[in-house]
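Structure first, commentary second.
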Amino acid sequence: MERAMELDGLRGWAALSVTVYHGFYMAFADAIPGLKNIVTASLFNGALAVMIFFVLSGDALTISVWRSRSYLAIQRSAVKRYPRLTLPILATTALTMMVVNAGWNNVTAASDIMNTRFLRPAPSEAISLGDWLSYALATVYVRPSSGEFATFLWTMKSEMMGSFLLFALLSATLKLRFTKTALALAFLGLFVVNALVCCFFAGALIGHVRHEGGWARLGRTFSFDLGLPLLAAAIFAGGTLALTDPSNRQSMILLAIAVVVGVNLSGAAKSFLSNRLSQFLGRISFLMYLTHYSVIVSLTCGLAVLAAKTGLDTPLAFAIIGTVSVGVSVLLAWAIMPIETLTISVCDRLWAAVKPRLSASTAVPFSP
């Protein structure tokens with residue numbers, strides 16, 4: 001089965017949506033009249049985008065399992081998971097530390113000019129090397145809200161927990177004939193208790209259906225692009241929910257699943273998400289997510305303060321600042337792409353070193 005490139009593209013646009021949501025929509029919603037509306041809430045829906053990330057993670061982590069149907073595929077993903085997340089976090093939180101320690105943290109100064117509530121707790125005046133290392137290497141996965149980098153990294157606890165819960169369930173059910181049933185029950189149980197990690201199990205099921213050709217068969221039974229209206233409806237419903245009931249996490253989870261299913265069903269969406277721009281955004285998606293906080297606390301807040309001091313604190317000026325901030329976030333993520341390349345190389349080398357020590361598993365058929 002070939003790589004589902006459209007899912008890389010979806011991840012990229014979701015990351016851009018989060019970046020715009022924070023650097024433009026949230027930052028200047030109080031300063032630009034009419035900025036919050038159904039169109040912007042639908043396109044720049046941070047909550048929906050994060051849940052899409054989680055669904056896509058569950059899908060990506062199990063692609064090799066559905067292909068090889070072996071324990072070795074699970075072990076490979078498990079061995080790589082910690083360094084895959086941690087090395088980019090280590091690098092980008094170092095950037096935050098340098099920004100703060102250089103005195104470029106403008107959150108407090110901008111608090112009366114733009115919305116900085118979503119940036120709380122604001123970074124302190126100095127971050128020590130010890131605090132940086134302990135947070136990036138461990139605390140971010142246990143108590144992400146306890147450090148100086150917590151605002152946007154709260155998702156990492158769910159990323160790590162959801163990944164290893166998924167690995168554990170697959171390891172326990174690999175030789176049994178009810179793997180899909182176990183995944184479905186795990187999703188339902190975690191969904192009922194409002195746990196975000198349920199998205200990982202939904203993603204694994206979506207990936208399994210794609211591997212079996214289920215989405216392609218379903219799409220062929222209709223004379224129109226079934227996925228496109230589902231995708232549009234889910235995105236619009238997500239925007240409506242964000243404006244009316246943003247705390248309704250379970251509904252947002254279902255909409256995130258609907259978005260990913262819609263992409264799997266839509267030929268038009270697959271084509272768009274496989275184009276060069278979408279694939280570029282997909283490649284920089286994780287780094288863009290990790291670095292845009294540093295851009296906002298320094299550049300975005302700093303320009304807002306400068307605009308106020310020079311009497312240019314107008315809605316147009318704030319719109320320009322937000323646009324520039326998003327552009328800088330994209331460029332910064334692109335500029336530090338060697339970190340992503342290095343991370344992939346380290347993960348591959350680690351697996352190459354560990355693989356010989358693990359017993360090769362015999363391929364075991366799954367239930368059809």
| request: State all residues of segment 338-359 that are surrounded by 13 or more Cβ atoms within 10 Å (Cβ to Cβ) and part of a helix (DSSP H, G or I); if no residue qualifies, say none. | output: Ile339, Glu340, Leu342, Thr343, Ile344, Val346, Cys347, Leu350, Trp351, Val354, Lys355
| remark: Of the candidates Arg217, Arg210, Arg143, the one satisfying the condition of being farther than 20 Å from Phe54 by Cβ and out of contact with any strand residue (DSSP E or B) (no Cβ under 7 Å at 6 or more places or on another chain) is Arg217
| message | So, restricting to helices (runs of 4 or more DSSP H) that lie completely within segment 108-212, which ones have at least 2 residues that are under 20 Å from the mean Cα position of the chain (by Cα) and of a type in the set (Phe, Trp, Tyr)? | response | 155-173, 179-192, 198-211
| message | Any residue at all in segment 10-26 that's modelled with pLDDT of 95 or more and basic (Lys, Arg)? | response | yes
| field | Qualifying residue in segment 74-83 (condition: at pLDDT below 95, over 26 Å from Leu255 (Cα atoms), of a type in the set (Phe, Trp, Tyr) and surrounded by fewer than 22 Cβ atoms within 10 Å (Cβ to Cβ)) | value | no
| Among the residues of segment 259-266, is any without any contact (Cβ under 8 Å) to a residue 24 or more places away in the chain and either part of a loop (DSSP other than H, G, I, E, B) or closer than 30 Å to Ser68 by Cβ (or both)? | no
| task | Would you check if Lys157 is more than 30 Å from Thr314 (Cβ to Cβ), surrounded by fewer than 18 Cβ atoms within 10 Å (Cβ to Cβ) and in contact (Cβ under 8 Å) with a residue 12 or more places away in the chain? | result | no
| task | Note down all Cβ pairs under 9 Å where the first residue falls in segment 57-85 and is farther than 19 Å from Leu196 by Cβ and free of Cβ contacts under 8 Å to residues at least 24 places away in the same chain, the second is aromatic (Phe, Trp, Tyr) and assigned to a helix (DSSP H, G or I), and they're at least six residues apart or on different chains. | result | Ala73/Trp66
| message | So in segment 332-343, with the set limited to residues that are without any contact (Cβ under 8 Å) to a residue 60 or more places away in the chain and under 18 Å from the mean Cα position of the chain (by Cα), which one is nearest to Val295 (Cα to Cα)? | response | Leu332
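Residue by residue, here is whether (1) modelled with pLDDT under 95; (2) among the polar types (S, T, N, Q); (3) over 13 Å from Ile113 (Cβ atoms) holds:
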{"site": "Asn275", "(1), (2), (3)": "no, yes, yes"}
{"site": "Ser285", "(1), (2), (3)": "no, yes, yes"}
{"site": "Ile296", "(1), (2), (3)": "no, no, yes"}
{"site": "Gly311", "(1), (2), (3)": "yes, no, no"}
{"site": "Ser329", "(1), (2), (3)": "no, yes, yes"}
{"site": "Trp334", "(1), (2), (3)": "no, no, yes"}
{"site": "Ile339", "(1), (2), (3)": "no, no, yes"}
{"site": "Ala352", "(1), (2), (3)": "yes, no, yes"}
| said: Being farther than 22 Å from Met26 by Cα, modelled with pLDDT of 95 or more, part of a helix (DSSP H, G or I) and of a type outside the set (D, E, K, R): is that true of Ala269 here? | reply: yes
| task | Determine whether segment 265-273 contains at least one residue that is buried (at least 24 other Cβ atoms within 10 Å of the Cβ), among the small types (Gly, Ala, Ser) and either closer than 22 Å to Arg217 by Cα or within 18 Å of the chain's Cα centre (by Cα) (or both). | result | no
| note | Here the residues within segment 109-128 that are under 17 Å from Ser294 (Cβ atoms) and at pLDDT 90 or above are Ala109, Ala110, Met114
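The values are calculated or read from the model by the stated rules, or taken from the named source; none is laboratory data. Owing to the predicted nature of the structure, the values given are computational and were not obtained by experimental measurement. Positions of Cβ are generated from backbone atoms using ideal geometry, with glycine treated the same way; all protein chains shown enter the neighbour counts.
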